Amino acid sequence: MDLTFSQEQDELRKVVRSFLAKHSDEAAVRRLAADTRGHDPVVWRRMAGEIGLQGLAVPEEYGGSGSSYADLGIVFEEAGRALLCGPYFATVALAAEALLRCDDEQARCDLLPGIASGETIATLALTEDSGRWDEPGIRLAAHDTPGGWRLTGAKTYVPDGHLADLLLVAARTPTGVSLFVVDADAHGLTRTPLPTLDQTRKQARLEFGGTPARLLGAQGAAWPALERTLATASVLLAAEQVGAAAAALEAAADYARIRVQYGRPIGSFQGIKHKCADMLVEIESARSAVYAGLWALDGRDDAEIGLAAALAQAFCSEAFTRVAGDTIQVHGGIGFTWEHPAHLYLKRAKSSEVLLGTPSYHRELLAARLGI
Amino acid sequence: MELDFGPAVRDFRDELRDWLADHLVGEFAAHRGVGGPTDGAAWEVRLAWDRELARGHWLGVSWPREYGGRGLGLLEEIVFEYEYARANAPYRATGNALDLLGPLLLKMGAEEQKKRFLPPVLAVEELWGQGFSEPGAGSDLASVRTRAERDGEAWVVSGQKVWTSFGVHADWLYVLARTDPDSARHRGLTMLLLPTDQPGVEIRPIRNLAGQDEFAEVFLSDARTGADMVVGEAGQGWRTAMAALGIERGATLLPQQLTFEREAEALLDLARERGALDDPMLRRRIIDAWISVRIMRTTNLRTLAELTAGRTPGAQATTAKLYASTRHQQLGHLAQELAGPAGQIVGEDYGLDTRQRSFLLSLAETIYGGSSEIQRTIIGEQVLGLPKEPRP
């Protein structure tokens, strides 16, 4: 049985945690949250150069280190703990994964090394005004012209779409859903940052006016690769959610140990102690959902991946939201202030909950897998 | 759930599978999946089945050979429980002795006690009951009042014990008693092994809410046992009791897990049959019930993987019981609701079907083995490091 972490993986966690403690502390998170771009290029380069986080799960032939999804999950858990700002999720969980899944070896060779080295920021533009993550939600039109493919229409709620050097865009061609690559400086592309409730993860609206694009793989055949990409991203987002929830609970427990009312630390009252215990039950259960997803990804069992991914999003989204809300309650008035970090977790929880589709949507994905 | 535990235990697994195929037949096969930790159904058949297992040398897989065990490791123990659960064999009637008393003696018993008591446990010749709880000592176990005094070479024990599972069948009890009359709470307690076949011991069944005489109350009036029947040290009974409650029950997680998975499958079938999947409110609860069972599976596997890798189990080992018991109750409520009016009809003599019995008995899961409130306090204090409540 290989359902536990190795010493090397414990070491990886330690390295990532101490890197992020230094480079994504509360001051850094607040600075980037307040900034429109929300990205620190210096930290981004060090993430790649010093610990190779962008290329961790990219196979070696494309310039990465070919680690497992279990390893990548550890990094996302730690990124969640630190509320890491910047395009890590967009670049690694969405764009790199989409490139790995699409049927286009040339594109992988062209584009993945830049991502792995930290040179390229990338994202996946899938959702449109409908906010849907399913296949029928993809309506943006791609036209085959003598000068090549052209995109016309809009994508929105694109994670870090304002920053990305490289945009992977899902569009509809006469034969179905196809995946395209668009350069950030392509003709006719307008990118507008969207002010977000959760300021630690930025989004943008992309308008395409006959924008030139490169087709990835076969025309009309991209949906299975995208579906798999979304499953992977669902598990990695769930890992982030669990990490962030664990950090929120730690803050709540720390506060409950020192805050005194009625002459006792409030954590000695069952009302608070049992609430904190319930938060841990949620987190450990969510952690199980995440680990099942990571093991499924490393096991490459497609049916199991779809199931575990939908389960992870359905459960972990709500778990993080509940824990983040309870963290504010344990803190009382101080937890309701802008100055205290508790609201950063709550907002991250609410934005993550819908980032790849709502928990209800994921329950239905799961139901479909179960044949009900 | 299909698990492969690797080549090292494949021969062991195959031997067990063959044995189960040959022996889990007839009356035993007719009682597949019957029984549970608090379910006394088909007691005689299950006891006979335990003896069949004993003859096959399948009890005490990881116990030392000198006491009648197979002398194998934790991994074989896990494989045994998994294959056993997979075959859906009857729930073992002697669970208490195999899972608690035996491991406790292995951990803290004197050599003479191990030699005297462990072989009859594995041969299913002596059955055991637990004498911890009292009318005034439930969650607050340290307030036990049962007294034991030395009288020459014997201990003389008086008091009342309660909630002793399958107590009416017990030949022996392991009893937590106060041996220092001036002591308070955790101090001055002693764990004693006490035979039930004597005038000073009266055991009366208590009927549980499912209509079964599963547990019992035990009245001790000058009951006697030998001076050498102390487990651990006299006066250190609290430590012994905590060791018993802290015995790592990793391997035994699997049978319960497979039962829950079967119930979740049955729930889906029932929902399909009743057309409940089109009702959005029920649909959500059905999917959530299924999610819960899958999460329990991974949580259990995490703990087992850590144990077999020689690691200390993480926080999930402490939260698992609270999650599983709560969610299993929800599953039972939902199954009863889906069954509709037909689910409200019982058989002759209050005969319950599997669904009804599992639902009713699930209500005990948030009470026994440390109630949910106690679990939350343990998680809060021992895992999260929150301060203890000041005690009066």
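The values are calculated or read from the model by the stated rules, or taken from the named source; none is laboratory data. A quick note: this is a predicted structure, and the numbers were derived from the prediction, not measured. All Cβ positions, glycine included, derive from the backbone under ideal geometry; neighbour counts span all protein chains shown. SASA here: full protein model, heavy atoms, side chains in, ligands and nucleic acids out. Shrake-Rupley method; radii C 1.70, N 1.55, O 1.52, S 1.80 Å.
Segment A:101-174 and segment A:274-323 have Cα centres separated by 28 Å. Going by accessible surface with a 1.4 Å probe and the largest first, A:180, A:315 read A:315, A:180.
As a ratio to 2.2 N^0.38 Å, the alpha-carbon radius of gyration for segment A:224-370 is 1.15.
What FRET efficiency comes out for residue B:204 versus residue B:233 if R0 is 35 angstrom and r is the Cβ-Cβ distance? Round to the nearest 0.05.
It comes out at approximately 0.65.
Relative to the longest principal axis of the Cα atoms of chain B, the long axis of helix B:280-308 makes an angle of roughly 50 degrees.
For chain B, the longest principal axis of the C-alpha atoms and the axis of helix B:111-122 are separated by about 30°.
Could you grab the Rg to Rh ratio for segment B:1-70? Cα atoms only, Kirkwood for Rh.
With Rg and the Kirkwood Rh in hand, the quotient comes to 1.00.
Taking the convex hull of the alpha carbon positions in segment A:1-115 and averaging its projected area over all directions gives 7.9 nm².
For residue B:157, the accessible area of its heavy atoms, probed at 1.4 Å with every protein chain present, is near 0 square angstrom. Mean separation of Cα pairs under 8 Å and 6 or more residues apart, divided by the residue count, gives chain B a relative contact order of 13 percent. Here the simple spin-label model places points 7 Å from the Cα toward Cβ, and for residue A:354 and residue A:14 these points are separated by 4.2 nm. With the convex hull of its Cα atoms as the shape, segment B:338-385 has an orientation-averaged projected area of 4.8 nm². Solvent-accessible area of residue A:276, probe 1.4 Å, all protein chains present, reported in Å² to the nearest ten, please. Counting only protein heavy atoms, the figure is 0 Å². Among the protein heavy atoms, those of residue A:165 account for about 70 Å² of accessible surface (1.4 Å probe, every chain in place).
Near the amide H of residue B:222, within less than 5 Å, lie the amide hydrogens of B:157, B:158, B:159, all on another chain or at least 5 residues away, with H placed in the peptide plane. What does the charge dipole of segment A:224-370 about its Cα centre add up to, to the nearest 20 debye, if the Cβ of each Lys and Arg holds +1 and the Cβ of each Asp and Glu holds -1? For segment A:224-370, the charge dipole is close to 500 debye. The 1.4 Å probe gives accessible areas that order B:84, B:350, largest first, as B:350, B:84. Computed on protein heavy atoms with a 1.4 Å probe, the accessible areas place B:153, B:263 in the order B:153, B:263, largest first.
So what is the relative contact order of chain A, in percent, for Cα pairs below 8 Å that sit 6 or more residues apart?
16 percent
Against the globular-protein guess of 2.2 N^0.38 Å, express the Cα radius of gyration of the protein assembly as shown as a ratio, rounded to two decimals.
Dividing the Cα radius of gyration by 2.2 N^0.38 Å gives 1.08.
Take the Cβ atoms of residue B:311 and residue A:250, set R0 to 25 Å, and the FRET efficiency comes out at 0.70. Between A:88, A:345, A:62, the residue with the greatest mean-square fluctuation in the GNM of chain A (Cα pairs under 10 Å linked by springs) is A:62. Considering all different alpha carbon pairs of segment A:150-190, the Kirkwood hydrodynamic radius works out to 11.1 Å.
Put the Cα centre of segment A:200-256 next to the Cα centre of segment B:167-222 and the gap is 58 Å. Sequence-ordered 3J(HN,Hα) estimates for segment A:356-370 from the Karplus curve with 6.51, -1.76 and 1.60 and θ = phi - 60° stand at 10, x, 6, x, 5, 4, 5, 4, 6, 4, 5, 4, 5, 5, 7 Hz, glycine and proline given as x. The mean number of partner chain beta-carbon atoms within 10 angstrom of a residue's beta-carbon across peptide B:290-298 is 6. Working note: Karplus 6.51/-1.76/1.60 with θ = phi - 60° gives segment B:57-74 the couplings 6, 9, 8, x, 3, 9, 7, x, 4, 4, 9, x, x, 8, x, 9, x, 4 Hz, where Gly and Pro are set to x. Between segment B:9-65 and segment B:337-383, the alpha-carbon centres lie 25 Å apart.
For segment A:210-224, the Karplus equation 6.51 cos²θ - 1.76 cosθ + 1.60, evaluated at θ = phi - 60°, returns couplings of x, 6, x, 8, 9, 6, 9, x, 7, 5, x, 10, 7, 4, x Hz by residue, with Gly and Pro reported as x.
Spherically averaged projected area of the convex hull of Cα atoms, segment B:166-295: 12.1 nm². For chain B, the Kirkwood estimate of the hydrodynamic radius, built from every pair of different alpha carbons, is 22.4 Å.
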